[in-house]
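Worksheet: one structure, shown below.
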Amino acid sequence: MNHDKSASLIARAERSIPGGVNSPVRAFKGVGGTPVFFASGRGAWITDVDGNRYIDYVGSWGPMLQGHAFPAVIEAVRARAQRGLGFGAPSEIEVELAEAVVERFPAIEKVRMVNSGTEATMTAIRLARGHTGRDMIVKFKGCYHGHSDALLAEAGSGLLTLGLPNSPGVPEDTAKHTLTLPFNDPDAISAAFERYDEHIAAVIVEPVAGNMGCVPPRAGFLEALRTLTSDAGSILIFDEVITGFRIGSAGAQGTYGVLPDLTTLGKVIGGGLPVGAIGGKAEIMDRLAPVGPVYQAGTLSGNPLAMTAGLAMLESLDAAFYESLASTTHRLADGMTEAAETHRVPLAVNRTCGMFSLFFKDGTVRNYDDVAAADVDRYRRFFHAMLEQGVYFAPSAFETAFVSGAHGDNEVVRTLEAADRVFADLPWNKSATR
Ligand code: KE4
């Protein structure tokens, strides 16, 4: 494939944008090579600036649950835009989307709209601290909740050592309130509550991890978080920015039947436009200004155009949609497993409705240590070989492949045929430089 225009665009972009991108993962640092610039998308397909077409498994990192340029969303946005883009004042469409979220999510009685997942989780942390009067936050290694300071902390040296900044610019004074534990490890979370219980304001978790690749919760893990936080008077936050509306109409809380105190949403809820949200028990949510003292605000929060896109998206998601999405996801995951077995490529595939991940290793992947044991170089070679076959996976081994309602039989067959060729051809047992 020819990527000349992408190559010249990244060179030009780097002169005015740090790294030439507005979000680091797009720079291909995780896989090497030249970042691809895209010109358009329709359904499950995207076209780059050099005219190359790909079956897309990034889907703008999750929002495009019905594929690109989904007609119902495009028409709704086109019509709404004629009425003006926003007023910095309440509009009815904000109430309609809020009601649609409350109706679908059992743990959400009230919801506040913001403009990104980062804003949502940052606000949820502030709300939990304001509500409990405590400072300590527990998160899990391999889970990502956006780039607010409190959540950019890594594990200290020992298992129960408080956090260290994992980015310059995050004060130690901030990071020290964050404890990072192993995902899917009920013993570790029990030990943390044993030691810190009345100091813990909140536990925040991706109920199905998507930011170390797709790693579903082990039986009992989410239930343990619910019991321990309830007993200690801490807030349980499900970060459903990825899983919300994707793994089921009620997200992970509907799928696993564990109800958090607060839920954060993003991606799908905006239908492709910038929307994040914090929702939860009215008693907690009403601590937010202007009702309560916990401050939070946003110029474009609840923007009518974004609300319109989000509502059109949610209204298109019925039981038949999720049945089909789950079936497509399993066909892809099972087909990848079979192709790898045929060509004796060590591969673990994790999946749940609407998302799956490939880990180039034998055995299972249930936490960050398992993920770290996978062969990232093989993923890099897989990524580029599939790109050349017209299939666009995440340009990072630590992300998830997103399936949409627009991925049909044609896309599944073409993806699996490409994977079979790639597994057959690549020098898997040699450390090729590629
Ligand atoms: P945003 O601020 O990027 O809208 O959302 C942050 C966020 C919060 N919580 C979860 C579970 C998330 O996955 C994210 C963002 N996801 C990444 C992809 N894994 C966004 C892609 C990017 O950073 O460019």
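FYI, it's all coordinate maths here, none of it is from the lab. The shown structure was predicted, so the numbers you read here are calculated from the model rather than taken from an experiment. Note that each Cβ is placed from the backbone with ideal geometry, even for glycine, and that neighbours are counted across all protein chains shown.
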Handout entry: Count - residues of the stretch 318-329 that are crowded, with 18+ Cβ neighbours inside 10 Å and either free of Cβ contacts under 8 Å to residues at least 40 places away in the same chain or in contact with a helix residue (DSSP H, G or I) (Cβ under 8 Å, 6 or more places away or on another chain) (or both)
Key = 1
Exercise for the section: Select from the stretch 39-52 the residues that are farther than 26 Å from V376 by Cβ and in contact with a Gly (Cβ under 9 Å, 6 or more places away or on another chain) and write down the one among them that is nearest to the ligand (Cβ to nearest atom). Expected result: G41
Practice task
Residues being within 16 Å of the ligand (Cβ to nearest atom) and either assigned to a helix (DSSP H, G or I) or surrounded by fewer than 17 Cβ atoms within 10 Å (Cβ to Cβ) (or both): count how many of those fall in the stretch 106-121.
Solution key: 5
Problem - Cβ pairs under 9 Å, 6+ apart, first in the stretch 208-231 and under 26 Å from R134 (Cβ atoms) and within 16 Å of the ligand (Cβ to nearest atom), second assigned to a loop (DSSP other than H, G, I, E, B) and hydroxyl-bearing (S, T, Y) - result: A209/Y144; A209/T400; N211/Y144; N211/T400
Handout entry: Odd one out for R126, checked against (1) under 28 Å from P90 (Cβ atoms); (2) of a type in the set (K, R); (3) away from the ligand (no atom under 16 Å from the Cβ)
Key = (3)
Exercise for the section: Please work out if T243 is crowded, with 21+ Cβ neighbours inside 10 Å and among the hydroxyl-bearing types (S, T, Y). Expected result: yes
Handout entry: Residue in the stretch 166-176 that is closer than 29 Å to A289 by Cβ, within 15 Å of the ligand (Cβ to nearest atom), part of a loop (DSSP other than H, G, I, E, B) and under 19 Å from the mean Cα position of the chain (by Cα) present
Key = no
Problem - Complete set of residues in the stretch 1-38 that are small (G, A, S), more than 16 Å from the ligand (Cβ to nearest atom), surrounded by 13 or more Cβ atoms within 10 Å (Cβ to Cβ) and not in a helix (DSSP H, G or I) - result: G32, G33
Handout entry: In the stretch 246-274, the residues that are crowded, with 21+ Cβ neighbours inside 10 Å, within 12 Å of the ligand (Cβ to nearest atom) and over 25 Å from T328 (Cβ atoms)
Key = T263, T264
Exercise for the section: For E103, indicate whether it is among the acidic types (D, E), surrounded by fewer than 20 Cβ atoms within 10 Å (Cβ to Cβ) and under 14 Å from A306 (Cα atoms). Expected result: no
Fill in the blank from the handout: If we keep only residues of the stretch 53-71 that are within 14 Å of the ligand (Cβ to nearest atom) and of a type in the set (F, W, Y), then the residue farthest from L332 (Cα to Cα) is W61
Completion exercise
Residue pairs qualifying under the 9 Å Cβ cut-off, at least six apart or on distinct chains, with the first in the stretch 354-375 being touching a residue at least 40 places away in the same chain (Cβ under 8 Å) and closer than 26 Å to S327 by Cβ and the second being basic (K, R) and buried (at least 20 other Cβ atoms within 10 Å of the Cβ), are G354/R246; M355/R246; S357/R351
